[in-house]
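The values are calculated or read from the model by the stated rules, or taken from the named source; none is laboratory data. Computed from a predicted model, the values in this text were never measured in an experiment. Glycine gets a Cβ as well: all are built from the backbone with ideal geometry, and neighbour counts include every protein chain shown. In case anyone asks, the SASA skips ligands and DNA or RNA and just uses the protein heavy atoms, side chains included. Shrake-Rupley method; radii C 1.70, N 1.55, O 1.52, S 1.80 Å.
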Amino acid sequence: MDAEAMDMSRLGRVGNVLLGLLLIAIAATMVFALPTQEALVAMCVLVALTLALYGLRTLWLYVTMARHMVGGKALLYVGVLALDAAAVVMVIMSNQLLAGVYLSITFFVSGALRLMRVKDAKQYGTPWRRHAVQAIGYLLLGVACLVLSQDAELLVLVYCIGLVYGAVARIYNALRPQAVAYIA
Amino acid sequence: MQADFHYYATYCAASLAGYSPEESYEICYSAQLADWFTKTLLAGIGGPVEAATTQLQAEIVESRSDIVGRQATTRTWASFHFLPRDLYAPVSKGNKRYKDKYRLICGPNGTLVADTVELAKGGTTQAVGVAMHVLADTWAHMYFAGTPSLVINNTSGGMVEIVHEGDKVTERPIRFMHNPSAPDDFNAGVYVNTPFHPSENIFLNLGHGRAGHLPDLSFARYRYMPAWGDYEEVTKDNPSDYWHAFCQMVYAMRYLRGDVSAFELETYDTQAVAPWEREIKDILEVRRLEAGSCEAWRELGTRIVGQGLEAFDKSTYVDEYKGAPAGGKGDTFLGRYAQASLAHKSMVTSRIIQSGNTLAGRSLANNAGRHGLGGGAQAQEPHSGGQDGCGGDGHE
């Protein structure tokens, strides 16, 4: 989920800060408190849960409202894909190598999406450095997952670094004043 | 619409309808004030925050994102800037929630416009100004709804601008960017809009954000697929729409003055406007920033009214309100404006809830005394026609 496009009401900000802190706590637990194999399972469950929740939410929006919307089918495809991805994660979680590859793909996709935003931002002269930093971060994490997929402990560590990175970005976005293009 | 139309054009229209220069000023000031009368302003002067006619960006972002917050947002935006065209529109698809949102789509010549004008009959110049703002926006903001909704207010990729240059008509794709501080580039066809967000109720999907400022640019002509349109394109011709808005305002104000016996929909006083038709249409067609359009309308207004018009200043009547005694706030300009705003918001919200649509929640009782306005001028009661009473949600 794009950390920027989130609820920015007061309650939303508090919620996002708390969620960010929770994610940091989960990452710390996985690295320092859990045995490696359990941490690997926890990692896969977290990824699957995130994807599944996102997919279900998107599908619910499609079924209740967006199926009547021009272009609404795109939400159907996204929802189904997200659920498929969640299922795949649960299937492969016993295979460390596949889990590493899968994780790297998710980081590469996140990085690629950020790069697209960099391209758009540069094209229209809007701030792009933050997106570029995030893109580089995700791509590096993707490479790290591929390289380190043989080592379960390092794989979990890389994932937790990504978790903390995302959590910090979420907290930062929740707390910083933001100008939004709002026209009505 | 922007200040060029709400303020300067309304000044011209009021004069053509027969109002004196002083009355025309009060009307156009009131029309423009609808874009500035926020909770923040009202809280700052100790006024009734329920009378707010719009929201600052910060207010929207900070508002509750639950159903209560959405209802408050919808009450304000649907009442003053996106007046629903047909609360009983036949909708053959979707669940109730979808149908309710569909029925909030704004458009001109709906029964609510007639109700809006009727409500201002016999009222203050402030009430007339509020009505003219609402009427004008039904033309500019048609096809969008004053409630956060992805499935209604989204626009598909591929908006096309239709550019008239003399006899030559060209079409070019519109490119959107999301930098709120960057100006629109009319020549390159690059405009600012809100980014796509796949969340039904997020504030980014309120109103015409996905079309950027295009609905508010009098010269813009464009084609696109609205999210609710079953893959059919709509074409928006702002010069024509704004012309109709202007002529309808003149007609409405002649009715409010008593020159015309009834206000009928789809009626435009082109006769009263005829001597200025060419000049008005020329102003509407020129591709320029708001400041340039304001200047053109201001200059025309000086010739039509015979008096110049100073630039709009939202704080013009603040001292009067603040200095008024507790029981006399209602006799001030802003006090009368607040009463007009409350009456209108109450009327629209009542109509919406009467139609079985709960998206705007319930209206607070339209009671000037309840809002601490006192004074002699009382807001007119809405034509409630058997409503179940004002439940007073207290969530403005």
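Brief remarks follow.
- The listed residues are B:188, B:211, and the only one of them that is open to solvent by 20 Å² or more (accessible area, probe 1.4 Å) and small (Gly, Ala, Ser) turns out to be B:188.
- Selected residue [more than 8 Å from chain A (Cβ to nearest Cβ) and either touching a residue at least 60 places away in the same chain (Cβ under 8 Å) or within 24 Å of residue B:148 (Cβ to Cβ) (or both)] from B:172, B:210: B:210
- Close contacts from region A:50-64, counting a first residue that is farther than 12 Å from residue B:200 by Cα and a second that is of a type outside the set (A, V, I, L, M) and open to solvent by 30 Å² or more (accessible area, probe 1.4 Å), with Cβ to Cβ under 9 Å and a gap of 6+ residues or different chains, come to A:51/A:84; A:51/A:106; A:55/A:84.
- Residue that is most open to solvent (accessible area, probe 1.4 Å), among those in region A:81-119 that are over 18 Å from residue A:142 (Cα atoms) and within 14 Å of chain B (Cβ to nearest Cβ): A:119
- Scanning region B:143-170 for residues that are open to solvent by less than 10 Å² (accessible area, probe 1.4 Å), of a type in the set (A, V, I, L, M, F, W, C) and more than 25 Å from residue B:8 (Cβ to Cβ) turns up B:145, B:150, B:151, B:152, B:159.
- Criterion (hydroxyl-bearing (Ser, Thr, Tyr), in a helix (DSSP H, G or I) and free of Cβ contacts under 8 Å to residues at least 24 places away in the same chain) met by exactly one of A:159, A:172: A:172
- Where residue B:101 falls short, out of the listed (1) surrounded by fewer than 21 Cβ atoms within 10 Å (Cβ to Cβ); (2) at the interface with chain A (Cβ under 10 Å from one of its Cβ atoms): (1)
- Among the residues of region B:175-194, the ones that are at negative phi and either among the β-branched types (Val, Ile, Thr) or more than 7 Å from every other protein chain (Cβ to nearest Cβ) (or both) come to 12 in all.
- When restricted to residues that are out of contact with any Gly (no Cβ under 7 Å at 6 or more places or on another chain) and either closer than 17 Å to residue A:111 by Cβ or open to solvent by 30 Å² or more (accessible area, probe 1.4 Å) (or both), region A:149-167 contains 12.
- Flag for residue B:140 being buried (at least 23 other Cβ atoms within 10 Å of the Cβ), in contact (Cβ under 8 Å) with a residue 40 or more places away in the chain and away from chain A (no Cβ under 13 Å): no
- Subset of region B:80-98 (residues that are buried (at least 21 other Cβ atoms within 10 Å of the Cβ) and within 13 Å of another protein chain (Cβ to nearest Cβ)): B:80, B:81, B:82, B:98
- Selected residue [in contact with a Leu (Cβ under 7 Å, 6 or more places away or on another chain) and without any contact (Cβ under 8 Å) to a residue 40 or more places away in the chain] from B:231, B:191: B:191
- Filter result (surrounded by 15 or more Cβ atoms within 10 Å (Cβ to Cβ), among the small types (Gly, Ala, Ser) and at the interface with another protein chain (Cβ under 9 Å from one of its Cβ atoms)) within region A:69-80: A:71, A:72
- At least 2 residues being of a type in the set (A, V, I, L, M, F, W, C) is the threshold, and among the helices (runs of 4 or more DSSP H) wholly inside region B:248-350 those reaching it are B:270-273, B:277-285, B:290-305.
- Within region B:7-21, being open to solvent by 20 Å² or more (accessible area, probe 1.4 Å) and not in a helix (DSSP H, G or I) holds for B:18, B:19, B:20.
- The single condition among (1) acidic (Asp, Glu); (2) facing another protein chain (nearest Cβ under 8 Å); (3) touching a Phe, Trp or Tyr at 6+ places or on another chain (Cβ under 6 Å) that residue B:200 does not meet is (3).
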